[in-house]
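Asks: I have a structure I would like to understand better, so I am pasting it below and will then ask my questions one at a time.
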Amino acid sequence: MAREASNILEARNIRVENRGVVILDVASLLVREDEVLSIIGSNGAGKTTLLQRLAMLQKLRHGEIIYRGKRVGPDIPVTSYRRSVTMVFQETLLFDTTVFENVASGLHFRHASKKEIEKAVIDNLEIFGVSHLKNRSVRTLSGGEARRVSLARSFAVKPDIIFLDEPFAALDPPTHESIVTDLSHVLRRSGTTTIFATHDRSEALRLSDRICVMDRGKILQVGTPDEIMNRPADEFIAGFVGAETILPGVVTDANSGTISVDVGGRQVMAVSDTRAGQKVVLCIRPERVSVSIEPRPDTTSERNSFEGTVSEVTSLGLYYRVIIDCGFNLTAFITPGSLKRLAIERGRKVYPSFKATAVHVLKR
């Protein structure tokens, strides 16, 4: 039987004000040992402010941080706690010296031996693919190389917890993809507890064991990637994590866990225990919607099928976003091949469909 992970870090009643305005208000946040927890939210959501308090880089005026069951400050010195954690900032902060000395800097501060330093630096430069740069001045590094050196420096000290504050911001797509891939491998192999702030939900989905959604200084929901993506707690979260179709309606019929919802005169089937007469919001992810140029046969498992007209087609690179007016706007993602095969364009009559299980129901 697998051992349940224990909590390595806990935040309690963290509150931060700026000129009388509350910018962070977190009653509780638990971080499990060996997990990757991402904190997602738009700019200004409070992600960086929370990370800085969790890492004790900013003084706590309200609340407390519990590390391995002990309060940081009253029970264990802040300096001892800080030696157990590292942080990679959004802006790459490196000393004006060689790559080797930058990666070694944290080990010097921790009074590691020369042999320990040599091994840790070489190992981590190799892990992040920059061992050939060890004698280079950091002034000569590209943005991606500097980011890799910064990550190598943080992992070299073998921290109990590593904090990452939007570490891939402003990187070009190929560099971003390469570094995220390498970091994913490092995190899984090392098992380092990681708290990772980002506004990019794709990064969070790819790297995280759990996701914490923030808005305006508050935590709205914490859960697994599946829970956050497919069972968002409210409309804001649904929209933020990609449920592009969000429809208000009223339940007209409820029978054995299946409901029928009136949405602008159209009936949408969903799976829910909601009662008839209840106002609801339906959330549908675009990848759960199929598009055909012929009506679906009655034998299909997809309980929702409509006739509609394509009102917008937008290229997103690997796929197209297609918005269909079927009495309400419904968004679908389709591949370039399907777009060409079905001759999808503005004004085209189509038949979108989706299963009742594809609809997430929120009570209003």
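Asks: Using θ = phi - 60° and the Karplus relation 6.51 cos²θ - 1.76 cosθ + 1.60, list the HN-Hα couplings for region 314-328 in order, rounded to whole Hz, with x at every Gly or Pro.
Replies: Working through the residues one at a time gives 10, 6, 10, x, 7, 8, 10, 8, 10, 9, 10, 8, 10, x, 8 Hz.
Asks: Under the rule a/c < 1.5 gives rounded, and otherwise a/b versus b/c splits prolate from oblate, where does region 243-363 land using the Cα gyration tensor?
Replies: Here region 243-363 falls in the prolate category.
Asks: When only C-alpha pairs under 8 Å and at least 6 residues apart count, what is the relative contact order of the chain, in percent?
Replies: 15 percent
Asks: Give me the compactness ratio for region 7-239, meaning the Cα radius of gyration over 2.2 N^0.38 Å.
Replies: After normalising by residue count via 2.2 N^0.38 Å, the value is 1.02.
Asks: Can you tally the lysine pairs in region 1-136 where the Cα-Cα distance is under 20 Å and the two residues are eight or more apart, or on different chains?
Replies: 5
Asks: Using alpha-carbon pairs under 8 Å, 6+ residues apart, how would you state the relative contact order of region 243-363 in percent?
Replies: Computed over region 243-363, the figure is 31 percent.
Asks: Now a separate question. Compute the Cα gyration tensor for region 276-329, then decide on rounded, prolate or oblate, letting a ≥ b ≥ c be the square roots of its eigenvalues: rounded whenever a/c is under 1.5, prolate when a/b is larger than b/c in the other cases, and oblate in all that remain.
Replies: It is oblate, given that a/c is not under 1.5 and a/b is not larger than b/c.
Asks: Trypsin sites (Lys or Arg not before Pro) within region 87-129: which are DSSP loop residues with at most 14 other Cβ atoms inside 10 Å?
Replies: Loop-located and lightly packed - Arg110.
Asks: Treating the angle as unsigned and between 0 and 90°, give the value, to the nearest 10°, between the Cα long axis of helix 114-127 and the longest Cα principal axis of the chain.
Replies: For 114-127 against the chain, the angle is about 20 degrees.
Asks: Taking amide H positions as placed 1.01 Å from N in the peptide plane, with prolines and chain starts having none, which residues 5 or more places from Ile8, or on another chain, fall under 5 Å of its amide H?
Replies: Distant-sequence amide H within range of Ile8: Val31, Arg32, Glu33.
Asks: Under the Karplus relation 6.51 cos²θ - 1.76 cosθ + 1.60, θ = phi - 60°, what is the ordered set of whole-Hz ³J(HN,Hα) values for region 335-349, x standing for Gly and Pro?
Replies: 6, x, x, 5, 4, 6, 5, 8, 6, 6, 7, 4, x, 6, 7
Asks: Further question on the same structure: Out of residues 5 or more away from Thr194 or on other chains, whose amide H comes under 5 Å of its own, with H placed 1.01 Å from N in the peptide plane?
Replies: Glu35, Val36, Leu37, Ile162
Every number here is computed from the coordinates shown, using simple stated rules; none is lab data. All of these numbers come straight from a predicted model, not from anything done at the bench. Neighbour counts are summed over all protein chains in view; Cβ atoms, including those assigned to glycine, are modelled from backbone coordinates with ideal geometry.
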